[in-house]
1. Quick check on segment 15-24. Is at least one of its residues in contact (Cβ under 8 Å) with a residue 40 or more places away in the chain, in contact with a His (Cβ under 9 Å, 6 or more places away or on another chain) and outside any helix (DSSP H, G or I)?
2. Only residues that are more than 22 Å from residue 52 (Cα to Cα) and touching a helix residue (DSSP H, G or I) at 6+ places or on another chain (Cβ under 8 Å): list them for segment 1-40, please.
3. Only one of (1) in contact with a Lys or Arg (Cβ under 9 Å, 6 or more places away or on another chain); (2) at pLDDT 95 or above fails for residue 57. Which number is that?
4. Just one of 22, 41 is of a type in the set (Lys, Arg) and within 21 Å of residue 59 (Cβ to Cβ); which is it?
5. Going residue by residue through segment 2-11, is there one that turns out to be under 22 Å from residue 68 (Cα atoms) and modelled with pLDDT under 95?
6. In segment 7-37, which residues are of a type in the set (A, V, I, L, M) and surrounded by fewer than 16 Cβ atoms within 10 Å (Cβ to Cβ)?
7. List pairs: first residue in segment 50-66 and more than 11 Å from residue 18 (Cβ to Cβ), second residue among the basic types (Lys, Arg) and surrounded by 14 or more Cβ atoms within 10 Å (Cβ to Cβ) anywhere in the structure, Cβ distance under 8 angstrom, at least six positions apart or on different chains.
8. Give the residue that is nearest to residue 11 (Cα to Cα), with candidates limited to residues of segment 37-55 that are in a helix (DSSP H, G or I) and more than 13 Å from the chain's Cα centre (by Cα).
Amino acid sequence: MNWFRLKFLENKLAFGEFGKHKKYLRLCHEREATTTAARVKIAQEVLDGPGINSLESWAHDIYLKEHSA
């Protein structure tokens, strides 16, 4: 059931408010969230948090580009 909830939250992040999906991906990478429960917790935290401005989104994008490989 957690898997379904995670997919629902990830879709909500991807097609929801500007920049929240990048913030979610960055937090998952920083916290090394590999389990579904940990990723659900981070997704809920990002959804409940404040909005993301363009500079913060840009910083998340740069971080993800530098640390993905």
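The values are calculated or read from the model by the stated rules, or taken from the named source; none is laboratory data. What you see is a predicted model, and the numbers here were worked out from it, not measured in a lab. Positions of Cβ are generated from backbone atoms using ideal geometry, with glycine treated the same way; all protein chains shown enter the neighbour counts.
1. Looking for residues that are in contact (Cβ under 8 Å) with a residue 40 or more places away in the chain, in contact with a His (Cβ under 9 Å, 6 or more places away or on another chain) and outside any helix (DSSP H, G or I), one finds at least one in segment 15-24, hence yes.
2. Selection gives 2, 3, 5, 36, 37.
3. Failing condition for residue 57: (2).
4. Answer to the check: 22.
5. No - not one qualifying residue is present in segment 2-11.
6. Across segment 7-37, the qualifying residues are 14, 37.
7. What qualifies is 60/22; 60/23; 60/26; 61/22; 63/26; 64/22; 64/26.
8. Out of the qualifying residues, it is 37.
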